[in-house]
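The values are calculated or read from the model by the stated rules, or taken from the named source; none is laboratory data. The shown structure was predicted, so the numbers you read here are calculated from the model rather than taken from an experiment. For neighbour counting, all protein chains shown are included, and Cβ atoms are generated from backbone atoms with ideal geometry for every residue, glycine included. Surface accessibility is based on the protein's heavy atoms, side chains included, excluding ligands, DNA and RNA. Shrake-Rupley method; radii C 1.70, N 1.55, O 1.52, S 1.80 Å.
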Amino acid sequence: QEAKKAKETKIETSETEDFLSQLADDCVIDILSRIDHIDLDEFVTLSQRLSNISDSSRNRAVKIVASRLFLSQVTRNIFYVELNFHSGQNFKLKLTDAIEDLEKNMSRAAQMTTGPLPYSQGQQHVISPAITDRLSMLLNRFTFETCVFRSISIDENFLAYMEHAIVTPSVTNFEIVKSVFDENLSLTGQERFASILLSANLSLIHLEFECALSTIHESFLRKYSQAVQRPQLFVTICIDDEHSSLLHIEESFVRDLANYKTLIMLRLVVKPETLLPALMDRLRQKREGTWQFRMSRNVDIQEIQAALGIDLLFDPSQFCIRIKDKRFNRHKVTLNIQQSYFEPTTWRLEATFR
């Protein structure tokens, strides 16, 4: 009986013995580099030595995969961040807390949040360096597929953070809405904004600006169409004089236009001579998508029929073009053409590919 008791004591001692602390620093760092930041937060509390080693392991720790990062500005000093996960859970963080509090919030289990995030109802503001420093902590801990920024005044400081956030293989979608260029941002800075978008190889770009967006020009459209497969570009300018800054593109844009899965840009003006060949090429790809922009003039049924290839047919009853396919006959593009209200010399086109 005494032997059995001694054996149980030995087993209990071995189960509670701290083997981790007996390892060399390099071995512990190697172990910690295989866990995520939330687990590292637990190691920090075990001992001063493990706290120091945990801090030095942060750069190599496994990042937690999130589906979406949403940043919403409320005032110059108040920003909300929401992190969405594929599980349906999310974090909601207020970026006026002390950094220690922010880390504590990120260390907790993800909690469900309800209702939309607060956002600015008035003027946009630049993000202070202190806020972007805290945002950088999120980039060190998480990877995102989609980044969304709302109500931002874009300056050089934000451009540096934006480049850090989206020029990474994990990010495929980028949206910035209800935003403006800061009045102190030079034209070179605005061009840098466009260059960052191109270098990120994004599948989807959604820009909604409350100021002129001259950097999204024909050269940008060409480069983006060639940078990724089946790009999706949404550009909205929410100012009264949108019709005064129309972008007319050259006829050589046919091939680049056909590459777009989705292109929604109402200030873009395309000639029918460019549109119709691109429209047919895009239809032959047999992929869903939408085009919305303007034409320099209207087109009639005869002109559409004259542009058809032998593999296509025009259905005037539905005003659509179909691919001849005896088995399915399902791939088509439906056209909706209306004269522009704000700019009567142009015609608004909506082409829906199915």
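Restricting to segment 48-68, and then to whatever is open to solvent by less than 40 Å² (accessible area, probe 1.4 Å) and out of contact with any strand residue (DSSP E or B) (no Cβ under 8 Å at 6 or more places or on another chain), can you tell me which residue is farthest from C147 (Cα to Cα)? Let's see the steps before the verdict.
In the first step, residues of segment 48-68 are kept if they are open to solvent by less than 40 Å² (accessible area, probe 1.4 Å); the result is 50-51, 53-54, 57, 61, 64, 66-67.
Still in the list and also out of contact with any strand residue (DSSP E or B) (no Cβ under 8 Å at 6 or more places or on another chain): 50-51, 53-54, 57.
Working: L50: 34, S51: 31, I53: 31, S54: 28, S57: 26 Å.
It comes out as L50.
Which residues, counting only those in segment 287-307, are of a type outside the set (V, I, T) and either surrounded by 14 or more Cβ atoms within 10 Å (Cβ to Cβ) or in a helix (DSSP H, G or I) (or both)? Steps first, answer last, please.
Within segment 287-307, the subset of a type outside the set (V, I, T) is 287-289, 291-298, 300, 302-303, 305-307.
If the condition is that a residue be of a type outside the set (V, I, T) and either surrounded by 14 or more Cβ atoms within 10 Å (Cβ to Cβ) or in a helix (DSSP H, G or I) (or both), then G289, W291, Q292, F293, R294, M295, S296, Q302, E303, Q305, A306, A307 are the ones that fit.
All but one of (1) surrounded by 14 or more Cβ atoms within 10 Å (Cβ to Cβ); (2) more than 27 Å from H206 (Cβ to Cβ) hold for D325; state the number of the condition that does not hold.
The one condition D325 does not meet is (1).
Considering only residues that are free of Cβ contacts under 8 Å to residues at least 12 places away in the same chain, more than 21 Å from L257 (Cα to Cα) and not hydrophobic (A, V, I, L, M, F, W, C), which ones fall in segment 308-344?
S317, D325, K326, R327, N329, Y341, P344
Does at least one position in segment 150-172 carry a residue that is assigned to a helix (DSSP H, G or I) and free of Cβ contacts under 8 Å to residues at least 12 places away in the same chain?
Start the filter on segment 150-172 by keeping residues that are assigned to a helix (DSSP H, G or I), which leaves 156-166.
Narrowing further to those that are free of Cβ contacts under 8 Å to residues at least 12 places away in the same chain: none.
For segment 150-172, residues assigned to a helix (DSSP H, G or I) and free of Cβ contacts under 8 Å to residues at least 12 places away in the same chain: absent.
What are the residues in segment 260-279 that are in a strand (DSSP E or B) and of a type outside the set (S, T, Y), if any? If you could, list the steps in order and put the result at the bottom.
As a first pass, look at segment 260-279 and keep what is in a strand (DSSP E or B): 262-270.
Matches in segment 260-279: L263, I264, M265, L266, R267, L268, V269, V270.
What do you reckon, is D39 without any contact (Cβ under 8 Å) to a residue 24 or more places away in the chain and under 27 Å from S87 (Cα atoms)? Before the answer, list the steps.
On the way: without any contact (Cβ under 8 Å) to a residue 24 or more places away in the chain: yes; under 27 Å from S87 (Cα atoms): yes.
Taking the combined requirement at face value, the residue satisfies it.
How many residues are basic (K, R) and in contact (Cβ under 8 Å) with a residue 40 or more places away in the chain when one looks only at segment 173-208? Walk me through how you get there before you give the answer.
Our first condition is that a residue be basic (K, R); within segment 173-208, this holds for 178, 192.
Narrowing further to those that are in contact (Cβ under 8 Å) with a residue 40 or more places away in the chain: 178.
So the count comes out to 1.
From (1) of a type in the set (A, V, I, L, M); (2) at pLDDT below 95; (3) in a strand (DSSP E or B), pick out the condition that doesn't hold for L138.
(3)
I'm checking my understanding of the structure. Among residues of segment 153-181 that are within 16 Å of the chain's Cα centre (by Cα) and of a type in the set (F, W, Y), which one is modelled with the highest pLDDT?
F174
With the condition kept exactly as written, say whether any residue in segment 255-266 is touching a Leu at 6+ places or on another chain (Cβ under 7 Å), at positive phi and not small (G, A, S).
For segment 255-266, residues touching a Leu at 6+ places or on another chain (Cβ under 7 Å), at positive phi and not small (G, A, S): absent.
Using the structure shown, decide if E273 is more than 17 Å from F220 (Cβ to Cβ), modelled with pLDDT of 95 or more, open to solvent by 70 Å² or more (accessible area, probe 1.4 Å) and among the charged types (D, E, K, R).
So E273 fails the test.
Any residue in segment 219-236 that's over 12 Å from A194 (Cα atoms) and touching a residue at least 60 places away in the same chain (Cβ under 8 Å): show its pairings with residues that are β-branched (V, I, T) and in a helix (DSSP H, G or I) at Cβ separation under 7 Å, as long as the two are six or more apart or on different chains.
Short answer, once both residue conditions are applied: none.
Suppose we filter L221, L198, L159, L213 for residues that are on the phi < 0 side of the Ramachandran plot, open to solvent by less than 20 Å² (accessible area, probe 1.4 Å) and in contact with a Lys or Arg (Cβ under 7 Å, 6 or more places away or on another chain); which single one remains?
Result of the check over L221, L198, L159, L213: L159.
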